[in-house]
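Student: There's a structure below that I have some questions on.
Please treat every number below as a calculation from the coordinates, not as lab data. Quantities reported herein were computed from a predicted structural model and do not represent experimental measurements. All Cβ positions, even for glycine, are placed from backbone atoms using ideal geometry, and neighbour counts span all protein chains on display.
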Amino acid sequence: MSDKRYQFRIDVHSQYLPEQSKPDDGQYAFAYTIRITNTGNVASQLISRHWVIRDETGRLIEVKGLGVVGHQPLLKPGESFEYTSGSQIATPTGAMHGSYFCVAEDGHRFEVPIAEFALSMPRTLH
């Protein structure tokens, strides 16, 4: 059971970017907007991220790094941080999941899981 003092809620919205995609070359671009809300009761800082991105063939791409879009936000209880980033995969559909590594003001270290979400090009009828 996780400690309720150290909790973040993660809300995700993803969208296909046709203007940055080249389907004939096997390049499908997606943007995702993430809102991170500190639902615990201790101020905590997002230090790093870890993503696992999968295309429909099962090919995996792992991404690890400090912060998100150049930021390491410190969120007090109830505060949110929102950012938009993107990824490219070789197929029209795929998925992403991952985690954030955070450190609370009191020194407690914890991971925040990011549930899997879809990357999907809208299907069109001709």
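Student: Which residues, counting only those in segment 41-69, are of a type outside the set (A, V, I, L, M, F, W, C) and within 14 Å of the chain's Cα centre (by Cα)?
Tutor: Correct list: SER48, ARG49, HIS50, ARG54, GLU62, LYS64, GLY65, GLY67.
Student: Another question, then. Could you tell me how many of the residues in segment 22-33 are within 13 Å of the chain's Cα centre (by Cα) and touching a residue at least 60 places away in the same chain (Cβ under 8 Å)?
Tutor: 2
Student: When segment 56-92 is examined, which residues are found to be in a strand (DSSP E or B), closer than 25 Å to GLU19 by Cα and touching a residue at least 40 places away in the same chain (Cβ under 8 Å)?
Tutor: The answer is GLU82, TYR83, THR84, SER85, GLY86, SER87, GLN88, ILE89.
Student: A follow-up question, please. Counting just the residues of segment 94-126 that are among the charged types (D, E, K, R) and touching a residue at least 40 places away in the same chain (Cβ under 8 Å), which one comes out nearest to LEU74 (Cα to Cα)?
Tutor: GLU105
Student: Identify, please: which residue in segment 67-100 is farther than 15 Å from PHE117 by Cα and of a type in the set (Gly, Ala, Ser) and is, among those, surrounded by the fewest Cβ atoms within 10 Å (Cβ to Cβ)?
Tutor: That would be GLY70.
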